[in-house]
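The structure appears right after this line, and notes come after that.
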Ligand SMILES: [Zn+2]
């Protein structure tokens, strides 16, 4: 089974605007369509069984409506695995239980985690503002799936550094954490120092060499870091629509790793994490 744990799609009515905004923010164009229909067709073509949809709320008032959209998407198509949207400032004026209520609403639909993006949502993972959310994630057994490291032409400073994720792991050892882009896009020296071998999941999204000239981890470094971290803590992800799933599968398969490691990374680990 092949599971892509890192994809982005948008509701049809905002798809064009979303694609345009992404080009503006990242400076690179999507290589595939940004709606559910395009992703589903792409999965057929590439032999991917399930894709995890990661929604990002850029303002707190978007959280509920994005989650309602995710729930409707999941009820229409069982090939998608959804994560919920969450925002550092979600419901700061209301009672704390409302965060838990939203997590429970997601959980009832089988959703096992939420996506947070330090660079789009302007927070440091280890700042006090986040702690009420982390406590709620632990209480409701939800995975915190973070964008990690750089990746954005507008960034003057990276909020989600390996050092800050290390501080989160130290303070919240019971929280399930995934740091995308192998622990931190273009921060891999820091990953080695602060996160490698710790109890944290990584994905492989946007780390392979690509002819678009973006920063990448060389194959021999990936192999060495997989072996040092543990292949049971690494999930295959692509960052669709910025990368094609077939090319990324080929990139993973050509690594000098045991077949059993590749099978874990390509699907077995994600099946366990997301309850497939
Ligand atoms: Zn992404």
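FYI, it's all coordinate maths here, none of it is from the lab. What you are looking at is a predicted structure, and each value in this text was computed from that prediction instead of being measured. Using ideal geometry, Cβ is built from the backbone for each residue, glycine included, and neighbour counts are taken over all protein chains shown.
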Filter result (away from the ligand (no atom under 14 Å from the Cβ) and over 16 Å from residue 257 (Cα atoms)) within the range 201-223:
201, 209, 210, 211, 212, 213, 215, 216
When every residue in the range 4-14 that is within 16 Å of the ligand (Cβ to nearest atom) and not in a loop (DSSP other than H, G, I, E, B) is compared, the one surrounded by the most Cβ atoms within 10 Å (Cβ to Cβ) is 4
Filtering the range 156-189 down to residues that are under 18 Å from residue 216 (Cα atoms) and more than 19 Å from the chain's Cα centre (by Cα) yields 189
Conditions (1) out of contact with any strand residue (DSSP E or B) (no Cβ under 9 Å at 6 or more places or on another chain); (2) outside any helix (DSSP H, G or I); (3) surrounded by fewer than 17 Cβ atoms within 10 Å (Cβ to Cβ); number of the one not met by residue 1:
(1)
Residue hits (the range 126-153; in contact with a strand residue (DSSP E or B) (Cβ under 7 Å, 6 or more places away or on another chain) and within 16 Å of the ligand (Cβ to nearest atom)) are 143, 144, 145, 146, 148, 149, 150, 151
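Among 193, 176, which is in contact (Cβ under 8 Å) with a residue 60 or more places away in the chain, in contact with a helix residue (DSSP H, G or I) (Cβ under 8 Å, 6 or more places away or on another chain) and more than 16 Å from the ligand (Cβ to nearest atom)?
On the way: 193 fails: in contact (Cβ under 8 Å) with a residue 60 or more places away in the chain.
That would be 176, the only listed residue that is in contact (Cβ under 8 Å) with a residue 60 or more places away in the chain, in contact with a helix residue (DSSP H, G or I) (Cβ under 8 Å, 6 or more places away or on another chain) and more than 16 Å from the ligand (Cβ to nearest atom).
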What's the total number of residues in the range 38-80 that are touching a residue at least 12 places away in the same chain (Cβ under 8 Å), over 19 Å from residue 107 (Cβ atoms) and not in a loop (DSSP other than H, G, I, E, B)?
11
What about residue 29, is it free of Cβ contacts under 8 Å to residues at least 12 places away in the same chain, within 16 Å of the ligand (Cβ to nearest atom) and either farther than 14 Å from residue 239 by Cβ or in contact with a helix residue (DSSP H, G or I) (Cβ under 8 Å, 6 or more places away or on another chain) (or both)?
yes
